[in-house]
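One structure is given below, encoded as structure tokens.
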Number of protein chains: 2
Amino acid sequence: MDEDKKEMDQNTIFIGKKNTMSYVLAVITQFNQNADMVTIKARGKTISKAVDVSEIVKNKFVNSLKVEKIIISTEEIITENNTPMKVSAIEIVLSK
Amino acid sequence: MDEDKKEMDQNTIFIGKKNTMSYVLAVITQFNQNADMVTIKARGKTISKAVDVSEIVKNKFVNSLKVEKIIISTEEIITENNTPMKVSAIEIVLSK
């Protein structure tokens with residue numbers, strides 16, 4: 001894995017089933033470990049949570065953060081019964 | 001209400017409790033009535049649906065559409081028992 005890719009992965013938070021504040025903490029931790037940018041990624045229903053995380057970090061914890069870019073896309077996932085399904089995805093890039 | 005404001009409101013689709021395809025249809029209708037831009041707005045849990053609507057319109061119906069900009073923000077709403085609550089919001093601007 002080359003250095004750029006590695007760095008990108010380390011600074012990416014994937015939103016899942018944990019509560020919102022767990023991800024808020026994860027993002028803040030990345031910035032405290034000297035990341036200049038953190039990417040928040042989510043798919044399907046968790047997209048709303050990704051926006052919550054981004055807004056909470058920005059408004060309550062690190063006011064100087066900027067939303068660098070927001071990308072929405074469609075990804076194909078394989079469901080439990082092996083059928084492909086399309087889901088929306090979001091990527092929110094926060095920068096110091 | 002001045003003309004600019006009126007035009008903006010007419011080209012805005014607010015995402016609520018209806019099913020996703022109702023909003024897809026609403027966005028397509030706006031573009032067919034000669035709108036150059038349509039804004040999709042949503043708050044809280046419906047944010048995921050807003051992204052779905054935008055992706056479905058773009059990928060399945062009007063391939064030439066562009067995501068002009070995406071803005072995320074925090075809004076304060078008044079709940080049923082009169083207490084203020086903060087919710088995340090999204091605005092997705094699609095253009096022809």
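The values are calculated or read from the model by the stated rules, or taken from the named source; none is laboratory data. As the structure is a prediction and not an experimental result, all values here were calculated from the model. For neighbour counting, all protein chains shown are included, and Cβ atoms are generated from backbone atoms with ideal geometry for every residue, glycine included. Protein only, heavy atoms only, side chains kept; ligands, DNA and RNA dropped before computing areas. Shrake-Rupley method; radii C 1.70, N 1.55, O 1.52, S 1.80 Å.
When the dipole is taken about the Cα centre of segment B:2-95, and only Lys, Arg (+1) and Asp, Glu (-1) are charged at their Cβ, what size is it in debye, to the nearest 20?
480 debye
What is the calculated FRET efficiency for A:K66 to B:F61, with r their C-beta to C-beta distance and R₀ = 35 Å, to the nearest 0.05?
Once the sixth-power term is evaluated, E becomes 0.60.
Report Rg (one decimal) and Dmax (nearest whole number) for chain B, counting Cα atoms only, units Å.
For chain B, the Cα-based Rg and Dmax read 14.0, 45 Å.
Roughly how many percent of the accessible protein surface of the protein assembly as shown is carbon and sulfur, given a 1.4 Å probe and a whole-percent answer?
Percent of accessible area from carbon and sulfur atoms in the protein assembly as shown: 49.
Please go through the residue pairs B:K17/B:K96; A:K60/B:K66; A:K41/B:K45; A:K58/B:K58 and name each one whose alpha carbons sit more than 25 Å apart in this structure.
Distance filter (> 25 Å) returns B:K17/B:K96; A:K60/B:K66; A:K58/B:K58.
Considering only DSSP states other than H, G, I, E and B, which GluC sites (Glu not before Pro) in segment A:31-96 qualify as loop sites with at most 15 other Cβ atoms within 10 Å?
Qualifying residues, ordered by number: A:E80.
If you take the charge dipole of segment A:11-74 about its Cα centre, with +1 on Lys and Arg Cβ and -1 on Asp and Glu Cβ, which of A:F14, A:Q33, A:G44 is farthest toward its positive end?
Positive-end residue among those listed: A:G44.
Please report the accessible area of B:T29 (heavy atoms, 1.4 Å probe, ligands and nucleic acids excluded) in Å², nearest 10.
Its heavy atoms expose roughly 60 Å² to the probe.
Report the local net charge at A:K45: Lys and Arg +1, Asp and Glu -1, summed over other residues whose C-beta lies under 13 Å from its C-beta.
For residues surrounding A:K45, the net value is +3.
Once amide H atoms are placed 1.01 Å from N in the peptide plane, what residues at a sequence separation of 5 or more from A:I13, or on another chain, have their amide H within under 5 Å of its amide H?
A:T39, A:I40, A:K41
Would you work out the relative contact order for chain A, in percent, from Cα pairs under 8 angstrom that are 6 or more residues apart?
Relative CO of chain A lands at 30 percent.
Tabulate in residue order the Karplus-calculated ³J(HN,Hα) for segment A:12-28, using 6.51 cos²θ - 1.76 cosθ + 1.60 with θ = phi - 60°, rounded to whole Hz; enter x for Gly and Pro.
Each residue's phi maps through the Karplus curve to give 10, 10, 8, 7, x, 8, 5, 6, 3, 5, 4, 6, 4, 4, 4, 5, 4 Hz.
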